[in-house]
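K.L.:
A single structure is presented below for examination.
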Amino acid sequence: MKAHNKPSQRKLFQQVSITIIVSWLVLFVFLPNLMIIGTSFLTRDDANLISLVFSLDNYTRLFDPMYAQVLLHSLNMALIATFFCLVIGYPFAYCIANMPKRIQPIMLFLLIIPFWTNSLIRTYGLKIFISTKGVLNQILLGIGLIDEPLRIMYSQQAVIIGLVYILLPFMVLPLYSSIEKLDKTYLEAARDLGARKLQTFTRVIIPLTMPGIIAGCLLVLLPAMGMFYISDLLGGAKNLLVGNVIKNQFLRLRDWPFGAATSISLTIMMGFMLYIYYRVGKLLNRKDELE
């Protein structure tokens, strides 16, 4: 009798768990996104925030030169930050993956520790570090490398430094996962065939770890365009991200329909990039099967 009750209890637990998860996703993910999509096709109303009048003007405004310039500037900074995260993160992930197995968990733990602190607090800490009278300038002045303080704050460089500082772990983790799974027999075969280290790296290691590179770039590029608080704290008014436009439309200008349209456009861009990642991964898997 007890053995008969165990499968039924397990099935009941699974049904309850699935129901709770689905209900949570519907209430706090699907419905809010559906409301945002609906709002993006409505009209601004000064009295009631939105008016139930269908309009496509919110999406056509995205092609206005002013907003298009902000989008391109935001994409440019996000691409630069992604590039630096890749350049810094790949050697770091490669070193971790080649460390002894007992040390790798410790290094990953040290990498994940910053996630325990709110990113806004870490951004304030970075602001103190790179400010004109901050720790960095005091050290450089003290050892005589510079004669006057470096003016990094409230510039595009400061925003990029902030994005790299916050998003670097998102690049390292997928790279580590991809490099750690790398079949060492390919490296031995390349060495036996007389390939140099640089040739092995460019023709063997990079192609085999390409899924991790693409995943890391997506995990950095997409959030980088929306981190408005980094631009607010480090960049000043001339270095806006798409996230700043969305925040200002909702909170300052009270233009919810246009803010919703901008947010949906960013989501569509994210979906398009994820589709590219899916297609590239599929092509790479097909190539491996053919080989």
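The values are calculated or read from the model by the stated rules, or taken from the named source; none is laboratory data. Please read these numbers as outputs of a predicted model, since none were measured by experiment. Cβ placement follows ideal geometry from the backbone for every residue including glycine, while neighbour counts extend to all protein chains displayed. Heavy atoms of the whole protein, side chains included, go into the accessibility calculation; ligands, DNA and RNA do not. Shrake-Rupley method; radii C 1.70, N 1.55, O 1.52, S 1.80 Å.
K.L.:
Which distance in nm do the two modelled labels at N248 and W24 give, with both placed 7 Å along the Cα-to-Cβ direction?
P.N.:
Result: 3.6 nm between the two label points.
K.L.:
Run the count for the chain, please: Lys pairs, Cα-Cα under 26 angstrom, 8 or more apart or on different chains.
P.N.:
The number of close lysine pairs in the chain is 15.
K.L.:
Further question on the same structure: Out of the stretch 16-56, which chymotrypsin sites (Phe, Trp or Tyr not before Pro) are coil in DSSP terms and have no more than 13 other C-beta atoms within 10 Å?
P.N.:
Details: sites: W24, F28, F30, F41, F54; in loops: F41, F54.
The qualifying sites are F54.
K.L.:
Within the stretch 113-148, which trypsin sites (Lys or Arg not before Pro) sit in a loop by DSSP and count at most 15 neighbouring Cβ atoms inside 10 Å? Don't skip to the answer; put the middle values down first.
P.N.:
Details: sites: R122, K127, K133; in loops: K133.
Those satisfying the criteria are K133.
K.L.:
Heavy-atom accessible area of M210 with all protein chains present, probe 1.4 Å, nearest 10 Å²?
P.N.:
That residue has around 60 Å² of solvent-accessible surface.
K.L.:
Another question, then. Can you send over the solvent-accessible area of E148, 1.4 Å probe, protein chains only, in Å² to the nearest 10?
P.N.:
Approximately 130 Å² for this residue.
K.L.:
Still on this structure, I have one more. Would you pull out the residues with amide H under 5 Å of T43's amide H, same chain only if 5 or more places away, H placed 1.01 Å from N?
P.N.:
Residues meeting the criterion, in which the H sits 1.01 Å from N, are S51, V53.
K.L.:
Further question on the same structure: Probe radius 1.4 Å, ligands and nucleic acids left out: which of C85, C217, C95 has the largest accessible area, and how do the rest follow?
P.N.:
Details: C85 0, C217 35, C95 75 Å².
Final ranking, largest accessible area leading: C95, C217, C85.
K.L.:
Out of these labelled values of Rg and Dmax of the Cα atoms in Å, (1) 24.2, 84; (2) 21.7, 79; (3) 21.9, 67, which was calculated from the coordinates shown here?
P.N.:
Read-out from the structure maps to (1).
K.L.:
Under a crude label model (7 Å from the Cα following the beta-carbon direction), how far is I268 from Y124 in nanometres?
P.N.:
With each label point 7 Å from Cα toward Cβ, the separation is 3.8 nm.
K.L.:
Can you pull the accessible area of D64 for me, 1.4 Å probe, Å² to the nearest 10?
P.N.:
60 Å²
K.L.:
Enumerate the calculated ³J(HN,Hα) couplings along the stretch 214-219 in order (Karplus 6.51 cos²θ - 1.76 cosθ + 1.60, θ = phi - 60°), each rounded to whole Hz, writing x wherever the residue is Gly or Pro.
P.N.:
5, 4, x, 5, 5, 5
K.L.:
Let me ask something else. Test of the criteria: in the stretch 218-282, which chymotrypsin sites (Phe, Trp or Tyr not before Pro) are in a DSSP loop and have at most 12 other Cβ atoms within 10 angstrom of their Cβ?
P.N.:
On the way: sites: F228, Y229, F250, F258, F272, Y275, Y277, Y278; in loops: none.
Counting only loop positions with at most 12 other Cβ atoms within 10 Å, none of the chymotrypsin sites (Phe, Trp or Tyr not before Pro) in the stretch 218-282 qualifies.
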